[in-house]
Amino acid sequence: MTDVAIGRYGPRVTTGHMATGRFERVNGIGLMQGYVERIRRCGVVPVVTVPDIEAAVPLTQALADGGIDVVELTLRTAAGLKAVEAVARQCPDVLVIAGTLTLPEHFAAVKEAGAAVAVSPGFNEPLHHAAVAADLPWLPGIATASELMSAMALGRSLVKFFPAGLAGGVKMLKALSGPFPDATFCPTGGVDPDNLKDYLTLPQVVCVGGSWLVPLKAVTERNWGQIRTLAQEARDRVDALRGN
Ligand code: 3PG
């Protein structure tokens with residue numbers, strides 16, 4: 001694999017640090033846009049639980065072919081960590097996010113595997129310190145004002161809002177933005193094509209996460225065309241909503 005890998009959607013982001021706001025260094029080209037800008041531009045982050053390792057690269061490539069060049073690969077299956085490693089190596093033009101990090105030891109493991117960003121469904125201080133120790137950008141999950149306060153007290157102002165639908169959806173996000181105008185969110189859990197517009201048009205929403213782009217049936221049937229189509233539809237919706 002060449003070090004300088006310019007893909008269809010730009011060069012690969014290789015490292016970063018949320019707490020300091022440092023921008024990522026990319027393929028020796030120099031300081032480029034940060035991962036936050038990268039996920040904002042993508043708009044929709046597919047949340048993927050790979051059932052088997054062989055599926056990881058082709059499904060990610062199908063997403064990228066459809067214009068979605070960010071993927072969150074969760075640690076929910078035995079194949080999860082290996083999927084992060086395979087995609088990080090073989091899809092250099094895709095920003096690889098490792099998801100469902102629930103234990104401190106997960107951070108070093110996904111960093112070693114090549115993840116550029118980590119995401120958790122919740123927040124606690126040991127996870128914060130593990131993310132700092134691994135020098136890995138991290139989106140903790142929050143669902144309440146108290147959890148958001150705990151995260152922001154440690155400098156975490158970009159958070160996953162999870163499970164978005166059950167935690168109050170768009171109304172809750174608007175309510176949180178009153179006392180916390182500096183907080184920004186990636187709502188996930190219950191976001192779908194029907195309510196995408198409601199979330200994405202809020203200024204405090206950087207991107208949304210969702211599993212609808214990668215249906216399990218499409219993966220088990222190796223229907224990469226369906227995943228590419230779903231990605232294209234999402235790409236078109238995001239571009240239309242944001243005027244990209
Ligand atoms: C997640 O882990 O972020 C959610 O399970 C994704 O939620 P969804 O399946 O409702 O999109």
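The values are calculated or read from the model by the stated rules, or taken from the named source; none is laboratory data. Quick caveat: nothing in here was measured; it's all calculated off a predicted structure. Note that each Cβ is placed from the backbone with ideal geometry, even for glycine, and that neighbours are counted across all protein chains shown. Ligands, DNA and RNA are excluded from the accessible area calculation, which covers all protein heavy atoms including side chains. Shrake-Rupley method; radii C 1.70, N 1.55, O 1.52, S 1.80 Å.
Which of the residues that make up segment 147-205 are open to solvent by 50 Å² or more (accessible area, probe 1.4 Å), aliphatic (A, V, I, L, M) and closer than 26 Å to LEU230 by Cα?
Matches in segment 147-205: LEU166 only.
How many residues are within 29 Å of MET149 (Cβ to Cβ) and open to solvent by 50 Å² or more (accessible area, probe 1.4 Å) when one looks only at segment 206-235?
Filtering segment 206-235 for residues within 29 Å of MET149 (Cβ to Cβ) gives 206-211.
So of that shortlist, the ones also open to solvent by 50 Å² or more (accessible area, probe 1.4 Å) come out as 211.
Result for segment 206-235: 1.
Would you kindly identify the strands (runs of 3 or more DSSP E) lying entirely within segment 141-226 that contain at least 1 residues that are in contact with an Asp or Glu (Cβ under 9 Å, 6 or more places away or on another chain) and within 16 Å of the ligand (Cβ to nearest atom)? Outline the logic, then answer.
Numbers: elements: 158-161, 184-187, 208-210.
Strands (runs of 3 or more DSSP E) meeting the threshold: 158-161, 208-210.
Within segment 52-63, identify whether any single residue is under 15 Å from the mean Cα position of the chain (by Cα), among the acidic types (Asp, Glu) and modelled with pLDDT of 95 or more, and answer yes or no.
no
Give the residues of segment 158-192 that are of a type in the set (D, E, K, R) and in contact with a Gly (Cβ under 8 Å, 6 or more places away or on another chain), sorted by residue number.
Answer for segment 158-192, where residues must be of a type in the set (D, E, K, R) and in contact with a Gly (Cβ under 8 Å, 6 or more places away or on another chain): LYS160, ASP192.
List the pairs whose first member sits in segment 168-182 and is of a type outside the set (Val, Ile, Thr), whose second member is open to solvent by 60 Å² or more (accessible area, probe 1.4 Å) and not in a helix (DSSP H, G or I), and whose Cβ atoms are under 9 Å apart, counting only residues at least 6 apart or on separate chains?
Matching pairs, first to second residue: SER177/PRO203.
Mind checking which residues of segment 169-194 are out of contact with any strand residue (DSSP E or B) (no Cβ under 9 Å at 6 or more places or on another chain) and not aromatic (Phe, Trp, Tyr)?
Result: LYS171, LYS174, ALA175, GLY178, PRO179, PRO181, ASP182, ASP194.
Find the residue count for segment 98-109, including only residues that are open to solvent by less than 10 Å² (accessible area, probe 1.4 Å) and in contact with an Asp or Glu (Cβ under 9 Å, 6 or more places away or on another chain).
Initial filter on segment 98-109 (open to solvent by less than 10 Å² (accessible area, probe 1.4 Å)): 98-99, 101, 107.
Imposing the further condition that a residue be in contact with an Asp or Glu (Cβ under 9 Å, 6 or more places away or on another chain) reduces the set to 98-99.
So the answer is 2.
Which numbered condition trips up GLU85, out of (1) within 20 Å of PRO137 (Cα to Cα); (2) touching an Asp or Glu at 6+ places or on another chain (Cβ under 8 Å)?
For GLU85, the exception is condition (2).
Of the residues THR14, THR49, which is among the polar types (S, T, N, Q), closer than 16 Å to ALA118 by Cα, open to solvent by 10 Å² or more (accessible area, probe 1.4 Å) and modelled with pLDDT of 95 or more? So that I can check it myself, show each step before the final result.
Values: THR14 fails: modelled with pLDDT of 95 or more.
When all the criteria are applied, what remains is THR49.
Anything in segment 112-146 that is closer than 22 Å to CYS91 by Cβ and crowded, with 22+ Cβ neighbours inside 10 Å? List them, or say none.
Once the filter is applied, which keeps residues that are closer than 22 Å to CYS91 by Cβ and crowded, with 22+ Cβ neighbours inside 10 Å, segment 112-146 yields ALA115, ALA116, VAL117, ALA118, VAL119, LEU136, PRO137, TRP138, LEU139.
Within segment 227-244, which residues are among the small types (Gly, Ala, Ser) and either assigned to a helix (DSSP H, G or I) or in contact with a helix residue (DSSP H, G or I) (Cβ under 9 Å, 6 or more places away or on another chain) (or both)? Outline the logic, then answer.
Going through segment 227-244, the residues among the small types (Gly, Ala, Ser) turn out to be 231, 234, 240, 243.
Scanning segment 227-244 gives ALA231, ALA234, ALA240.
Which residue pairs have Cβ atoms closer than 7 Å, lie 6 or more positions apart in sequence or on different chains, and pair a first residue in segment 42-57 that is of a type in the set (Phe, Trp, Tyr) with a second residue that is at pLDDT 95 or above and within 16 Å of the ligand (Cβ to nearest atom)?
none
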